[in-house]
Amino acid sequence: MFRKILCISTLLSVFMLALSTATFASSEVEGGEENKTGFIMHHIKDSHEWHFATFGHTHVTLPLPVIIYSADRGVEVYSSTDFQDHETHAFGVEHNGYYINEHDKLHAVDESRSYIDLSITKNVAMLIIVFVLLLWMIFSAVRNYKRNPHGAPKGIASIVEPMVLFVRDEIAKPNIGPKYRKFTPYLLTIFFFILMGNLLGLVPGAANLTGNIAVTATLAVFTFFMTNLNGNKEYWKHVVATPGVPLPLLLVIVPVEIIGLFTKPFALMVRLFVAITAGHIVILSFIGLIFVFESYAVGVASTVMVVFINLIEILVAAIQAYVFTLFSAMYIGQAVAEHDHH
Amino acid sequence: MDLIIPGSGLIIWQIIGFGILLFILGKFAWKPILSALDERETAIEGALKAAENARNEMANLKAENEKLLQEARLERDQILKSATETSAKLIEEARTEASKAGAKLIEDAKAVIETEKKAALAEVKNQVATLTLQVTEKLLRKNLEDDKAQKELVQEFVKDLKLN
């Protein structure tokens with residue numbers, strides 16, 4: 001297993017290097033000194049177009065749909081190219097009362113206008129890719145189980161099964177206890193989604209989906225609801241009237257416990273966001289060094305470093321998926337535990 | 001700053017996407033996979049248990065066989081031993097019987113011989129007596145052919161009688 005991961009990661013790194021160097025080597029030539037590393041933040045953040053590479057003055061870009069919902073005008077759908085200058089392909093052009101600013105954010109010309117930006121951004125497109133790939137992967141495994149229910153897993157199932165077993169036996173069972181069956185599907189979904197998002201995020205040209213705070217926040221909120229909607233009497237008693245604590249202390253403990261309800265998912269959100277975003281920044285920074293120094297020696301050294309950090313990032317991808325799932329399981333476990341351990 | 005401000009659109013898409021994923025996978029993927037895994041685990045556990053049982057049974061059988069064999073061997077030894085003993089005893093008995101019979105035969109023979117001998121002796125005595133009588137008769141007849149001799153003998157007898 002480890003060997004396979006190593007091989008795949010090395011291949012991925014080489015591929016990424018080839019592509020990213022091709023991309024940035026040409027795109028940054030025209031930019032100024034400070035623009036040489038601007039691509040880092042541009043990659044980390046969401047965008048209304050999917051930019052793959054630039055060769056000279058040709059941009060290889062996938063324009064994405066811009067969807068806006070407002071009470072008065074209903075749903076409006078535009079292409080992101082509608083907001084771009086035809087010559088420079090830079091955002092900023094006004095279209096039907098909207099424009100996309102230099103930070104790739106949609107704004108209305110009329111400041112007081114209220115609308116919801118439902119655009120298929122780069123991250124939403126990435127989400128759809130992860131969604132489709134996950135469904136394909138897991139349902140291939142399901143087909144295998146249906147065809148061959150008692151045999152050894154084959155094909156995709158042999159990749160999915162160890163992870164399913166890991167989540168079930170190492171995360172759900174020990175942390176949730178006897179009621180683990182009810183929550184295993186949730187934990188499996190969250191684990192596979194984060195793992196897939198993390199790993200696909202490392203593919204060159206891909207979006208930083210699981211390193212986006214909106215995504216991690218949503219996942220954390222799912223865990224928050226999963227935990228608190230399933231909390232039993234003892235759990236809530238522990239929160240609002242901690243047993244064995246004298247009354248004056250309760251005045252302090254109860255607010256802390258209530259804040260604790262929210263800090264748990266908050267920590268989940270921040271941990272995943274920071275770990276993945278930081279990894280991307282480190283890799284891109286090493287690549288950026290090449291263009292800052294414009295030296296072959298630095299290029300070789302950076303490339304070696306990028307390969308190693310990519311390997312580490314693959315590890316981090318798995319660890320973060322594990323940690324998010326593990327903590328979700330622990331929170332759920334605390335909420336459904338039958339006996340008070342305090 | 002907008003790095004840590006979540007975009008509303010992405011949140012909505014993420015809720016929709018992840019929600020659907022949770023629903024579809026939970027309903028149609030994890031259930032069959034987990035139940036297949038459970039089934040397989042119980043099947044494997046059952047098979048292992050059955051194998052263990054079979055092995056134990058086999059060991060038991062083997063032990064039993066060994067025991068039976070041991071018993072059979074012991075029995076055989078015992079039978080052999082008793083057979084030898086019996087035969088030895090039989091031979092011994094036969095021998096003593098034979099010698100006893102022999103001795104008795106000899107004794108009987110001796111007794112027969114003794115009686116025969118006695119009979120023979122008696123016969124011989126009778127014969128001798130008869131012969132003697134005949135000889136005596138003949139002798140007497142010859143001696144008493146003349147009267148004178150007869151008178152003398154009678155005289156003698158009478159003389160003897162008187163004396164008595």
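Here's the yes/no breakdown for (1) at pLDDT 90 or above; (2) away from chain B (no Cβ under 14 Å); (3) assigned to a helix (DSSP H, G or I):
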{"residue": "A:PRO265", "(1), (2), (3)": "yes, no, yes"}
{"residue": "A:VAL282", "(1), (2), (3)": "yes, yes, yes"}
{"residue": "A:VAL292", "(1), (2), (3)": "no, yes, yes"}
{"residue": "A:VAL298", "(1), (2), (3)": "no, yes, yes"}
{"residue": "A:THR303", "(1), (2), (3)": "no, yes, yes"}
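As for the stretch A:306-316, it holds no residue that is of a type in the set (Asp, Glu), surrounded by fewer than 16 Cβ atoms within 10 Å (Cβ to Cβ) and either touching a residue at least 24 places away in the same chain (Cβ under 8 Å) or at positive phi (or both).
Considering (1) buried (at least 17 other Cβ atoms within 10 Å of the Cβ); (2) of a type outside the set (Ser, Thr, Tyr); (3) not assigned by TED's automatic domain parsing to the domain that holds A:MET196, the lone condition that A:ILE138 does not fulfil carries the number (3).
Screening A:ALA206 on (1) surrounded by fewer than 23 Cβ atoms within 10 Å (Cβ to Cβ); (2) in a helix (DSSP H, G or I) shows it passes everything except condition (2).
For the stretch A:96-110, which positions are within 14 Å of chain B (Cβ to nearest Cβ) and on the phi < 0 side of the Ramachandran plot?
Step one: of the stretch A:96-110, the residues within 14 Å of chain B (Cβ to nearest Cβ) are A:98, A:100-108.
A:TYR98, A:ILE100, A:ASN101, A:GLU102, A:HIS103, A:LYS105, A:LEU106, A:HIS107, A:ALA108, listed by residue number.
Go through the residues of the stretch A:146-153 one by one and say whether even a single one is more than 10 Å from every other protein chain (Cβ to nearest Cβ), exposed (fewer than 15 other Cβ atoms within 10 Å of the Cβ) and free of Cβ contacts under 8 Å to residues at least 24 places away in the same chain. Yes, the conditions are met somewhere in the stretch A:146-153. Entry remark, the stretch A:202-232: residues being among the aromatic types (Phe, Trp, Tyr) and more than 9 Å from every other protein chain (Cβ to nearest Cβ) number 2 in total. Among the residues making up the stretch A:155-202, those that are within 13 Å of the chain's Cα centre (by Cα) and farther than 18 Å from A:ARG143 by Cβ are A:ILE190, A:PHE191, A:PHE193, A:ILE194, A:LEU195, A:MET196, A:GLY197, A:ASN198, A:LEU199, A:LEU200, A:GLY201, A:LEU202. For A:GLY177, the stated conditions hold: it is among the small types (Gly, Ala, Ser), more than 9 Å from chain B (Cβ to nearest Cβ) and either in a helix (DSSP H, G or I) or within 22 Å of B:ALA29 (Cα to Cα) (or both).
For A:LYS122, indicate whether it is more than 26 Å from B:ILE11 (Cα to Cα) and not hydroxyl-bearing (Ser, Thr, Tyr). It is false that A:LYS122 is more than 26 Å from B:ILE11 (Cα to Cα) and not hydroxyl-bearing (Ser, Thr, Tyr). Against the list (1) surrounded by fewer than 14 Cβ atoms within 10 Å (Cβ to Cβ); (2) part of a strand (DSSP E or B); (3) within 13 Å of chain B (Cβ to nearest Cβ), the condition A:VAL60 fails is (3). Being over 30 Å from A:ILE68 (Cβ atoms), in a helix (DSSP H, G or I) and within 8 Å of chain A (Cβ to nearest Cβ) narrows it down to one of B:LEU69, B:LEU37, B:LEU61, so name that one. Result of the check over B:LEU69, B:LEU37, B:LEU61: B:LEU37. Of everything in the stretch B:148-164, what is loosely packed, with under 11 Cβ neighbours inside 10 Å and modelled with pLDDT of 80 or more? Give them in sequence order. Within the stretch B:148-164, B:LYS148, B:GLN155, B:GLU156, B:PHE157, B:VAL158, B:LYS159, B:ASP160 meet the criteria. Within the stretch A:61-81, the set of residues being farther than 16 Å from A:ASP110 by Cα and out of contact with any strand residue (DSSP E or B) (no Cβ under 8 Å at 6 or more places or on another chain) comprises just one member, A:GLY74.
Restricting to the stretch A:267-297, and then to whatever is surrounded by fewer than 17 Cβ atoms within 10 Å (Cβ to Cβ) and of a type in the set (Phe, Trp, Tyr), can you tell me which residue is nearest to A:GLY38 (Cα to Cα)? For the stretch A:267-297, the residue satisfying everything is A:PHE293.
From the list B:GLU57, B:GLU39, B:GLU107, B:GLU97, exactly one residue is within 30 Å of A:LEU187 (Cα to Cα) and not hydroxyl-bearing (Ser, Thr, Tyr). Which is it? The match here is B:GLU39. The requirement of being within 14 Å of chain A (Cβ to nearest Cβ), of a type in the set (Val, Ile, Thr) and free of Cβ contacts under 8 Å to residues at least 12 places away in the same chain is satisfied by B:ILE16.
The values are calculated or read from the model by the stated rules, or taken from the named source; none is laboratory data. Note that the structure is a prediction, hence the values are computed from the model and not measured. Here Cβ is always computed from backbone atoms with ideal geometry, including for glycine, and neighbour counts include all displayed protein chains.
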